[in-house]
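The values are calculated or read from the model by the stated rules, or taken from the named source; none is laboratory data. Fair warning: this is a prediction, and the values are worked out from it, not measured in the lab. Counting neighbours? That spans all protein chains shown, and the Cβs are built from the backbone with ideal geometry, glycine included.
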Amino acid sequence: MCIIGASHHDLLDRYPLLRIPPRPSPDWSFNPPPGWPIPPPGWTPTETWSGPEPHWPAAPPYWSWWIRQQPWSVPPASGQARSSAMWAHLGALLMDVAGLVTCGVTSLLIWIPPLVILNGAAGADPFVRHQARQSLNFAFTELIASFALLFLVLVTGGLAIVLALAMWVVFIVFRIMAATAANRGEPYRYPLAIPFLA
């Protein structure tokens with residue numbers, strides 16, 4: 001990556017469509033377009049940067065030049081941490097699926113598996129703690145949505161049962177995605193989850 005050469009103004013003259021906005025804040029990092037080399041951590045385009053090499057592909061339109069770094073930074077998760085984090089999601093998933101057999105009784109207890117893992121010995125690991133909190137956030141969000149859907153089903157005389165079943169399937173899919181991501185050691189945040197626990 002060439003970092004000395006033409007001034008910033010010359011760079012804009014040579015590449016009139018290249019407009020890299022300044023870094024929004026220190027917790028954002030440079031996001032090179034596809035085909036560009038990966039810069040060193042913390043690298044920022046400066047006025048002494050001569051711009052992209054001629055063989056680098058053009059950035060896609062409306063490219064996001066900056067991405068927010070993870071709010072927490074931990075070393076890669078160990079096998080034990082990945083397993084515990086996976087069970088924080090999978091335990092809630094099993095309780096949710098068991099709700100079909102128990103007429104929803106065990107679905108009311110989906111918050112127990114992630115809470116046990118969070119407060120157990122495995123909860124000392126930052127990755128496990130983060131994933132258990134995400135699972136708890138989604139469990140509480142799911143309970144609130146379930147009570148709202150139950151009320152809607154009762155008010156509509158059962159007409160909203162299709163919506164309730166569709167939402168249940170969505171909850172199951174999110175749980176499976178979270179468990180597989182945690183098993184790979186990747187942090188997962190549930191879409192639509194209310195962040196009760198940070």
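Some notes on this structure:
- All positions within the stretch 170-198 that are of a type in the set (Gly, Ala, Ser) and not in a helix (DSSP H, G or I): 185, 193, 198
- Options 67, 3; residue that is β-branched (Val, Ile, Thr), at pLDDT below 80 and in contact with a Pro (Cβ under 9 Å, 6 or more places away or on another chain): 3
- Candidate set from the stretch 23-42 (those that are in contact with a strand residue (DSSP E or B) (Cβ under 9 Å, 6 or more places away or on another chain) and at pLDDT 75 or above); member that is farthest from residue 53 (Cα to Cα): 25
- Among the residues of the stretch 66-81, some residue qualifies, meaning at least one is surrounded by 15 or more Cβ atoms within 10 Å (Cβ to Cβ) and part of a helix (DSSP H, G or I).
- Here residue 57 does not qualify as modelled with pLDDT of 80 or more, surrounded by fewer than 20 Cβ atoms within 10 Å (Cβ to Cβ), touching a Pro at 6+ places or on another chain (Cβ under 9 Å) and not assigned by TED's automatic domain parsing to the domain that holds residue 24.
- Hits in the stretch 153-183 (condition: surrounded by 13 or more Cβ atoms within 10 Å (Cβ to Cβ) and modelled with pLDDT under 90): 153, 160, 161, 163, 164, 167, 168
- Members of the stretch 75-110 that are under 21 Å from the mean Cα position of the chain (by Cα) and farther than 17 Å from residue 180 by Cα: 75, 110
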